[in-house]
Amino acid sequence: MENNNIGIDTELSNLNSFEELCQKLPENHARFILYHLEFEMPSDNQLCNEGKRSKMMLVTWVPGKTNVKEKFQTAGTCHFLKQSFHGIFLSIQACSLDEIGRKELISKCLTFMK
């Protein structure tokens, strides 16, 4: 975010996978990530799954080294984005890569699906 505008980070938007995107996230600036997560829904029956699921997620990346002004701007903008984009199933704020691994995202989705 610069001058109260949200821009598209073209370097991050052209990557092939979410894992690759996570590795290139900046250490000192916030980012908003709209991500379409697809996963197999686990079943109580260990022999099969309940089928594929697809959820749209808004990940707000705010690493610890982000300056205070940018953190406040990000918090205010996040609410606006959630209201503007229809179909967002889950919104998460993350400050470390451990919080946005594929397993963690699926686990958070499953928590809200029960």
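Read the figures in this text as sums done on the coordinates, not as results from a lab. Remember, it's a predicted structure, so these values are computed and weren't measured experimentally. Neighbour counts are summed over all protein chains in view; Cβ atoms, including those assigned to glycine, are modelled from backbone coordinates with ideal geometry.
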Requested in this report: Give me the angle, in degrees from 0 to 90, between the Cα long axis of helix 102-113 and the longest principal axis of the Cα atoms of the chain, rounded to the nearest 10.
Outcome: 70 degrees
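Using unit Cβ charges (K, R positive; D, E negative) and no other charged atoms, how large, in debye to the nearest 20, is the dipole of the chain about its Cα centre?
320 debye
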Query raised in the report: Out of every Cα-Cα pair in the chain, what percent are more than 25 Å apart?
Result: 25 percent
Report task. With everything on Cα atoms, drop me the angle between helix 68-84 and the longest principal axis of the chain, reported from 0 to 90° to the nearest 10. Result -> 50 degrees
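So what is the relative contact order of the chain, in percent, for Cα pairs below 8 Å that sit 6 or more residues apart?
Relative contact order comes out at 24 percent.
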Report summary line: Applied in sequence order to the range 51-67, the curve 6.51 cos²θ - 1.76 cosθ + 1.60 (Karplus, θ = phi - 60°) yields integer Hz couplings, x standing for Gly and Pro, of x, 6, 10, 9, 9, 8, 10, 10, 9, 9, 8, 9, x, x, 7, 5, 5
Report task. For every helix of n ≥ 4 consecutive DSSP H residues, a contribution of -39,500 (n - 2.57) applies; sum these over the chain, divide by its total residues, and give [θ] at 222 nm rounded to the nearest 500 deg cm²/dmol. Result -> -10000 deg cm²/dmol
Query raised in the report: Once you put a point 7 Å from the Cα of Phe89 and another 7 Å from the Cα of Tyr35, both along the Cβ direction, what distance in nm separates them?
Result: 1.3 nm
Report summary line: 1/(1 + (r/R0)^6) with r = Cβ-Cβ of Leu81 and Asp44, R0 = 30 Å, i.e. FRET efficiency to nearest 0.05, evaluates to 0.25
Query raised in the report: Which one of Gln73, Ile33, Ser107 has its Cα pushed farthest toward the positive end of the charge dipole of the chain, where Lys and Arg give +1 and Asp and Glu give -1 at the Cβ?
Result: Gln73
Query raised in the report: What is the range 62-114 by shape, rounded, prolate or oblate, if you read a ≥ b ≥ c off the alpha carbon gyration tensor as root eigenvalues and call it rounded for a/c under 1.5, prolate for a/b larger than b/c, and oblate otherwise?
Result: oblate
